[in-house]
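Okay, so here's the structure we're looking at.
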Amino acid sequence: QASFHAVSLGTSYERVVLDAIASLGQGGVVFPLEDTRPATEQAAGFLEAILQPALREPTLQFKGLRTARVYPETLPRIMTRTQQVVVGRYLPGDEFKKGTVVLDARSPTGEPLRFEAPFDLPTQADTPAVEAEQAEQAGNSFLPRLWARRHLDALLAEERDRPAARDEIIDLSERFHIMTPYTSFLVLESDEDRRRFGVKKRFLMRDGERFFSD
């Protein structure tokens, strides 16, 4: 019945390892250096969240659509004053326009809880260009890269048992510009360096990055 919680001790850590530790007993992962609160306040809040989680044994269902590669695969306990981000892929189609997400869990006292929320979905008839434009306008263009990061972590965990995962890791890393043990990126600081190495300057701008473009 024990739960394990992983705490990063610096800015360099293996997310796959921390997630694996935290998956034992539906624990959570904490990154203190990414929290701006004083250390004593963080510690007190973390202790309270461990002792009194808001939701125990949470599970998600998606009605009205087929899903794949949803992360995290096993939801941790939802601790007090925290949020849980879930990312995944879904298969669009012409036969539906709405879906429903269902969250089942138990309260701190063990009572069963259920929450349902409907949401709209683009259909198969929507073109990729229109879909991409809608996502950009809605401020959601960061989502593909967020999913890619979690998918890469899963592929790295699979690689020992499935060697073919290495090719998928490299392809995904290059498409989303995410560093992995099999890829690296050359950073050139000036136009002179680019001319010297014959590298053409490219931009792949997503939400948020445009604020720093100047």
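Take the stretch 170-191 and flag every residue that is assigned to a loop (DSSP other than H, G, I, E, B) and touching a residue at least 12 places away in the same chain (Cβ under 8 Å). Spell out how you get there, then give the answer.
The initial filter retains those residues of the stretch 170-191 that are assigned to a loop (DSSP other than H, G, I, E, B), namely 177-179, 181-182, 184-190.
Correct list: 177, 178, 181, 182, 186.
Determine, yes or no, whether residue 2 is of a type in the set (Gly, Ala, Ser) and exposed (fewer than 11 other Cβ atoms within 10 Å of the Cβ).
Taking the combined requirement at face value, the residue satisfies it.
Quick check on my filter: what residues within the stretch 15-25 are closer than 12 Å to residue 75 by Cβ and out of contact with any strand residue (DSSP E or B) (no Cβ under 7 Å at 6 or more places or on another chain)? Once the filter is applied, which keeps residues that are closer than 12 Å to residue 75 by Cβ and out of contact with any strand residue (DSSP E or B) (no Cβ under 7 Å at 6 or more places or on another chain), the stretch 15-25 yields only 23. Which one is most open to solvent (accessible area, probe 1.4 Å), of the residues in the stretch 43-55 that are modelled with pLDDT under 85 and assigned to a helix (DSSP H, G or I)? Filtering first and then ranking leaves 51.
I need the full set of residues from the stretch 30-40 which are open to solvent by less than 90 Å² (accessible area, probe 1.4 Å) and either assigned to a helix (DSSP H, G or I) or in contact (Cβ under 8 Å) with a residue 40 or more places away in the chain (or both), in order please.
Just the residues of the stretch 30-40 that are open to solvent by less than 90 Å² (accessible area, probe 1.4 Å), to begin with: 30-32, 35, 38-39.
Listed by number, the residues that qualify are 32, 39.
Of all residues in the stretch 5-16, which are surrounded by 13 or more Cβ atoms within 10 Å (Cβ to Cβ) and either under 23 Å from residue 155 (Cβ atoms) or in contact with a Cys (Cβ under 9 Å, 6 or more places away or on another chain) (or both)?
6, 8, 13, 15, 16
For the stretch 74-89, which residues satisfy the criterion of being without any contact (Cβ under 8 Å) to a residue 60 or more places away in the chain and within 15 Å of residue 146 (Cα to Cα)? Talk me through it step by step, then tell me what you get.
As a first pass, look at the stretch 74-89 and keep what is without any contact (Cβ under 8 Å) to a residue 60 or more places away in the chain: 74-76, 78-84, 86, 88-89.
Selection gives 84, 86, 88, 89.
Entry remark, the stretch 17-29: residues being surrounded by 14 or more Cβ atoms within 10 Å (Cβ to Cβ) and not in a helix (DSSP H, G or I) number 5 in total.
I'd like the full set of residues that are basic (Lys, Arg) and over 17 Å from the mean Cα position of the chain (by Cα), limited to the stretch 60-91. 63, 66, 81 - these are the residues of the stretch 60-91 that are basic (Lys, Arg) and over 17 Å from the mean Cα position of the chain (by Cα). The C-beta contact set for the stretch 140-169 (first residue under 18 Å from residue 89 (Cα atoms) and acidic (Asp, Glu), second residue at pLDDT 90 or above and surrounded by 14 or more Cβ atoms within 10 Å (Cβ to Cβ), distance under 8 angstrom, 6+ apart or interchain) comprises 153/71; 168/155.
Summed over the stretch 150-180, the residues that are under 19 Å from the mean Cα position of the chain (by Cα) and open to solvent by 30 Å² or more (accessible area, probe 1.4 Å) give a count of 11.
The values are calculated or read from the model by the stated rules, or taken from the named source; none is laboratory data. No experiment lies behind these values; they were computed from the predicted model shown. We place every Cβ from the backbone using ideal geometry, glycine too, and count neighbours over all the protein chains shown. We work out accessible area using only protein heavy atoms, side chains counted, and drop any ligands, DNA or RNA first. Shrake-Rupley method; radii C 1.70, N 1.55, O 1.52, S 1.80 Å.
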